[in-house]
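So the structure is just underneath, and the comments pick up after that.
The values are calculated or read from the model by the stated rules, or taken from the named source; none is laboratory data. Computed from a predicted structure; not experimentally measured. Counting neighbours? That spans all protein chains shown, and the Cβs are built from the backbone with ideal geometry, glycine included. Ligands, DNA and RNA are excluded from the accessible area calculation, which covers all protein heavy atoms including side chains. Shrake-Rupley method; radii C 1.70, N 1.55, O 1.52, S 1.80 Å.
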Amino acid sequence: MRMRPTRLIPLLLALTLAAPALAETFERQLANGLRVIVKEDRRAPTVVHMVCYRAGSMDETNGRTGVAHVLEHMMFKGTPTVGPGEFNRRVADAGGRDNAFTSHDYTAYFQQVPEHKLGEMMQLEADRMRHLSLDPAEFAQELRVVMEERRLRTEDQPQSLLFEQLTATAFQAHPYRVPVIGWMNDLENMVPADARSWYDNWYAPNNATVVVVGDVDHQAVFKLAAQHYGTLQPRQLPVRKPQDEPRQLGIRRLVVKAPADLPLVMMAYKVPVIRNVEQDVDPYALELLAAVLAGHDAARFSTSLVRRQRLAVEAEASYDSTARGPGIFYLQGSPGEGKTVSELEAGLRAEIVAVQERSVTADELARAKAQLIAGQIYKLDSMFAQAIEIGQLEAVGIPYAQHGRLLEKLQAVTAEQVQAVARKYFNEQGLTVGELDPQPLPPAARSPAAGS
């Protein structure tokens, strides 16, 4: 018997909310302000160790954009006791893997290793939390790596280039307008002192959270954390001033001309994100709206725009309800053969209007909820995904313990609330539209002919 979404949702939600009973979570704060969160998950003899610093690109200043990401690279370049590249080598020798990433909101470093290597990982992270070398020669080399990364991932990728320009147009004051990797001119003029200042300002135990997920005993983890991190001194953190985005007063449009195969349209609507888990309603309804529009193969965009009308070869909707800064709800797509960007934009708008006028069906809403909640279930299969979720929630100001409540609020969203957010936020006053005007591809960018 095929289970209908309306029957599946309570089961999925029950499984997700029952997860804490199977994998308990514990927390302790050290005297120096470092928070340690431990989630015991004994399904495999491995552990994820992650350090999250609540400092991302939104904390940068003009002229020094990209410094958070550059420092992330430099954190692997050694301390007085651990030489360049030795961090990665020791993780590999332990049979593990490691990496790091920078976002607008925070920066994170992680290792996944056998459980008995956790103490060594803490020792390594605690060492570079305070004793980073920042050698000028290593800095110059890594800066070239970052600039090449920007060329490859943004400047040579038309979709990324359009997204960067769209975001910079949608936001006028808030630092979310700046790409995480930074502007090329700022990278070209960055010096080691910029990275040192960033490191000294933000890399302190009282601005960090250590998340440990895996086959561990929480008391043993707390003991290790006190041993390795507890001796580090807290630091006075810079004062963060409010950086509110001014109210948008009308539609904004831009065109990006770049070598590409297909045209593309992106639409960015200003929307809220979660600030109060209990009191907020709209962010949960916006998550469901994104899922109804483009959350699965049978969603509205695929069914209507791609298959029935053939207006698009692809169409997407995306929205993240958790962030330190303001929210954006994105729509995007590439027009089908014989169709124009203007026709596709009208088609995307028409799908929103349909929700504004006729709401969504009970089956659509049930399926969207099932998809979103199932995604949370699948996360439980990955210790890394569990650690990321805890770290991200804490970084944006949502206590990890409220994760279950977030799902309950999502489950409680009604069709009327989805219709209400479509009416409230999807208007031209808060809209920015970007168009990619494809230019001829250079010969080197095209695939060689068969047999050449």
* Rounded to 5, percent antiparallel among DSSP beta bridges of the chain -> 75 percent
* At most 16 other Cβ within 10 Å, DSSP loop - trypsin sites (Lys or Arg not before Pro), segment 343-452 -> ARG446
* Asked: With every protein chain left in place, what is the accessible area per residue of the chain in square angstrom, probe 1.4 Å?
  -> 46 Å²
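Please report, to one decimal in angstroms, the Kirkwood hydrodynamic radius of segment 259-362 built from all distinct Cα-Cα pairs. Don't skip to the answer; put the middle values down first.
Numbers: mean 1/r = 0.0692 Å⁻¹.
Kirkwood radius, segment 259-362: 14.4 Å.
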* To do: Calculate how steeply helix 341-358 sits against the longest principal axis of the alpha-carbon atoms of the chain, using the helix alpha-carbon long axis, and give the answer as 0 to 90 degrees to the nearest 10.
  => 90 degrees
* Links that overshoot a 26 Å alpha carbon limit, given the list LYS241/LYS369; LYS117/LYS379; LYS379/LYS409; LYS241/LYS270; LYS39/LYS223; LYS77/LYS117 -> LYS241/LYS369
* Backbone N under 15 Å from the SER342 label point (7 Å along Cα→Cβ), restricted to segment 297-313 -> none
* Bin by bin, in steps of 10 Å, what percent of the Cα pairs in segment 25-229 do you find, going until the bin that has the longest distance? -> 8, 33, 32, 20, 6
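Over the chain, what portion of Cα pair distances is larger than 28 Å, expressed as a whole percent? Numbers along the way, then the final one.
On the way: 58284 of 101926 pairs.
Here the tail beyond 28 Å accounts for 57 percent of pairs.
Can you list the GluC sites (Glu not before Pro) in segment 273-324 that are in a DSSP coil and have 11 or fewer other beta carbons within 10 angstrom? Could you put the intermediate results ahead of the total?
On the way: sites: GLU278, GLU287, GLU314, GLU316; in loops: GLU278.
Of the GluC sites (Glu not before Pro), the ones in loops of segment 273-324 whose Cβ has at most 11 other Cβ atoms within 10 Å are GLU278.
Over the chain, with every protein chain in place, what whole percent of the accessible area is carbon and sulfur at 1.4 Å, could you tell me?
On the way: 10510 of 20590 Å².
It is 51 percent, rounded to a whole number.
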